[in-house]
Amino acid sequence: MTEPRPLRVASRRPDSVWLLAFALALIFLYLRFFLFPATPFFANSDQNLFLLRALRILHGQVLYRDFFELVTPGTDLLYAALFRIFGVHAWVIAAWSVAVGLALCCVITRIASRILRGALILLPALLFLVFDFDNAADLTHHWYSALVVMAAVSILMDGTSILRISAAGALCGVATLFTQTEGAIAFVALAVYLLWLKKFAPRESGIVAQLAALMVPFALIVSCALGYFAYKAGARTLYFDLVVFPVKYLSSGDVNTPRTYLRQLPPVHALGDLIRLLRFLVVYALVPYIYFFGMYRLWRTRKTMRPELQQQLVLLHLAGLALFLAVASGPRYFRLCTVAPPAFVVCVWLISHEGRVHKLTRACLWCASAAFALLPLYRQVQWHATLHLPIGKVAFSDPPIFQEYKWLVQRTCPSELIFNHPGVAYYLSLDSPASIDFVASDEYSQPKEIAAVVQSLQRRPPHFIAMFPESTGRYAILDHTLPFRQYVHSNYRLAQTFYLDRSRYEEIWELDPKSGK
C-alpha cells in the first residue's frame, strides 16, 4: 500500500493571498456581528451569563464566594478585564467576537499549512467560518479552551524541544482555566503524543524531561489560579462548584447527557430552515467520525508516509479526540461546534489527494463555502430594529425579543434589580439580588439554592422577575422551584407575557404594591 499522492501545487502562497483571505474573514465576521456601519447585533446566548458575572467581579464580588460558577474562572476574568479596559459597552463583546473568530481562523490555517499545500490551506478555516462558527457564535468557555488547545497543537507541530513542550503545557493550563475538562484531557492527549513520539526520536531529550516540561507549567498555572480562589472562597466551596456539582447535578436533564445528541436538529419549514439544517448536518457528520476515517488512513499509509507528516497528523487526531471526549457526556450541537476545528483540517487532508472523487468533493466544498459565506449579507438586509440600551445602541433581528427588550427598557433604570433573566440584566445594566443568576427546573437548582434565592428576594425584592413554564412529564420530579414560584405568585403580579416562538414564552412578573415588600 502506498500513500496517495498529494496535489502538486506550490507549498507557499504569495503574501497578497494571505492578506486577502484575512481581509475576507474580517469582513465576514464584521457583518456577522455588526449591523453596518457600526451597530452591534443583539446576542441572546449563554455568553450573557459570563458577561453578567464579569460585571459582578467589577463590582467587587469574589467568584465562588459571592456568586456561583460551575466552570473554572478564565472566562469570567477575561470579560472582567475587557470591561475594565474598554468599559461596559455592547460593541466591546461584538468586536471581541470578531477577534476570537479571526484568532481561530489563524490557528486553524497555521495548522493546515503544516499538513496541506496550496489553496487548500485556506479551506479548513473557510469551512469552519461558514459551517461552524457562524452558527454557534456564543463565546462561552468552550470556545476559549478549544482555541488555546489548538494553539498548543500548533506549537508542537513545529517541534518538540523542551521550550515548545513547556509552552504547550502552559497553554493546556490556560485551557483548564477556561474549561476544566477540556484542558485536562488535552494535557493527557499531549502526554500520550510525547510517549508515542519517542519511537521516532529516541536520541532526543529523555521522555521524563519532556513530561516534566509539559507538567510543571501546567500544574503551576492551574494550582496558582485555583489556589487563589480556594483561599478567597474556601477549598470546600471551590471543590463543590467545580467537581461535585458538574458530576452530580449537571446531567440531571437531557441537555447535559448523551441523550441530547441530535436533538438540536432544527425543523424544516422553509428554505432558510433547510440552509440552517445543512450546517447542523456538516458538524454532526464530522465530529467525531472524521477522526476514525483519518486514523484508518494513517494506519494504511503508516509505512510510506513521511514521518514528520505522520507525527503532525497523529497530534492533530489526538487533540481532536481529546476535545470531543471533553464534551461527550453532553454532546449538544453547540458543544460539538466548539470542538470541531481540528475536524475541518482532518477532513480537508482526507480529500487533498489526486483523484476524480477527491477533486469533485473539493469543488463542492469550495462552492458550498462560497455560497454560505454570503449569509452575513442576508443578515444585513433582513428585518432588524435598533434600541438605545444602557450599554449602547443594539440591533435586533428577532421581533419578539425586540418587543420584550423595548418593553423592559421603558420600565427599568440601570442598577435596578431583576431576577431570572441574565440577558436582560446584562443589556439593561440591571443587578441580580441573589448569588445565582437564574433558577432551572431540574437538578441544576437544588432545594438549598432555591431557599437561598427566596431569602435573597425577600431581603432585596427586585421590581421584575422572569418566569418560564414549569416542567412536565418525567422531569417534573426534578423541579425544585416550587418555593420560588409560590413566592413570586404571592408577591408579584403578571405584567406581560412574551411569546418567543410557537412553543416558548416568557412571563414578566412585577412587584405587587399590595404585597408590602
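The values are calculated or read from the model by the stated rules, or taken from the named source; none is laboratory data. These numbers come from a predicted model, not from an experiment. Backbone-built Cβ (ideal geometry, glycine too); neighbour counts: all protein chains shown.
Which numbered condition trips up Ser45, out of (1) of a type in the set (S, T, N, Q); (2) at pLDDT below 95; (3) more than 14 Å from Leu139 (Cα to Cα)?
(3)
Could you tell me which residue of the stretch 109-143 is nearest to Phe178 (Cα to Cα), considering only residues that are part of a loop (DSSP other than H, G, I, E, B) and not small (Gly, Ala, Ser)?
Going through the stretch 109-143, the residues part of a loop (DSSP other than H, G, I, E, B) turn out to be 116-117, 132, 136-140.
In the following step, the residues that additionally are not small (Gly, Ala, Ser) were identified as 116-117, 132, 138-140.
Values: Leu116: 30, Arg117: 33, Asp132: 20, Asp138: 14, Leu139: 11, Thr140: 9 Å.
Checked the stretch 109-143; the qualifying residue nearest to Phe178 (Cα to Cα) is Thr140.
So is Val339 touching a helix residue (DSSP H, G or I) at 6+ places or on another chain (Cβ under 8 Å), more than 30 Å from Tyr249 (Cα to Cα) and modelled with pLDDT of 95 or more or not?
no
Take the stretch 319-343 and flag every residue that is assigned to a loop (DSSP other than H, G, I, E, B) and under 23 Å from Cys106 (Cβ atoms).
Val339, Ala340
Give the residue that is farthest from Leu242 (Cα to Cα), with candidates limited to residues of the stretch 138-162 that are in contact with a Ser or Thr (Cβ under 6 Å, 6 or more places away or on another chain) and among the small types (Gly, Ala, Ser).
Ala146
Give the residue, chosen from Leu360, Leu377, that is assigned to a helix (DSSP H, G or I), modelled with pLDDT under 95 and either assigned by TED's automatic domain parsing to the domain that holds Ile111 or farther than 12 Å from Leu120 by Cβ (or both).
Details: Leu360 fails: modelled with pLDDT under 95.
Residue meeting the stated conditions: Leu377.
I'd like to verify a number: residues in the stretch 380-396 that are surrounded by fewer than 19 Cβ atoms within 10 Å (Cβ to Cβ), outside any strand (DSSP E or B) and within 25 Å of the chain's Cα centre (by Cα), how many?
Here the count works out to 1.
I'm told Ser251 meets every condition in (1) assigned to a helix (DSSP H, G or I); (2) at pLDDT below 95; (3) surrounded by 18 or more Cβ atoms within 10 Å (Cβ to Cβ) except one. Can you identify the failing condition by its number?
(1)
Residue check: is Val148 outside any loop (DSSP other than H, G, I, E, B), among the β-branched types (Val, Ile, Thr) and either surrounded by fewer than 19 Cβ atoms within 10 Å (Cβ to Cβ) or more than 19 Å from the chain's Cα centre (by Cα) (or both)?
no
For the subset of the stretch 340-370 comprising residues that are small (Gly, Ala, Ser) and under 25 Å from the mean Cα position of the chain (by Cα), which member is surrounded by the fewest Cβ atoms within 10 Å (Cβ to Cβ)? First the steps, then the outcome.
Restricting attention to the stretch 340-370, the residues satisfying the condition of being small (Gly, Ala, Ser) are 340, 343, 352, 355, 363, 368-370.
With under 25 Å from the mean Cα position of the chain (by Cα) added as a condition, the list becomes 340, 343, 368-370.
Details: Ala340: 27, Ala343: 30, Ala368: 16, Ser369: 18, Ala370: 11.
Here the residue is Ala370.
Checking Gly60 against (1) part of a strand (DSSP E or B); (2) at positive phi, which single condition isn't satisfied?
Against the list (1) part of a strand (DSSP E or B); (2) at positive phi, Gly60 comes up short only on (1).
What single numbered condition from (1) under 27 Å from the mean Cα position of the chain (by Cα); (2) at positive phi; (3) of a type outside the set (A, V, I, L, M, F, W, C) fails to hold for Ser415?
(1)
Scan the stretch 52-74 and tell me whether some residue there is among the small types (Gly, Ala, Ser), surrounded by fewer than 22 Cβ atoms within 10 Å (Cβ to Cβ), modelled with pLDDT of 95 or more and under 21 Å from the mean Cα position of the chain (by Cα).
no
Considering only the stretch 303-318, how many residues are part of a loop (DSSP other than H, G, I, E, B) and not hydrophobic (A, V, I, L, M, F, W, C)? Outline the logic, then answer.
First, pick out the residues of the stretch 303-318 that are part of a loop (DSSP other than H, G, I, E, B): 303-306.
Filter once more, so that each one left must be not hydrophobic (A, V, I, L, M, F, W, C): 303-304, 306.
Counting residues in the stretch 303-318 that are part of a loop (DSSP other than H, G, I, E, B) and not hydrophobic (A, V, I, L, M, F, W, C) gives 3.
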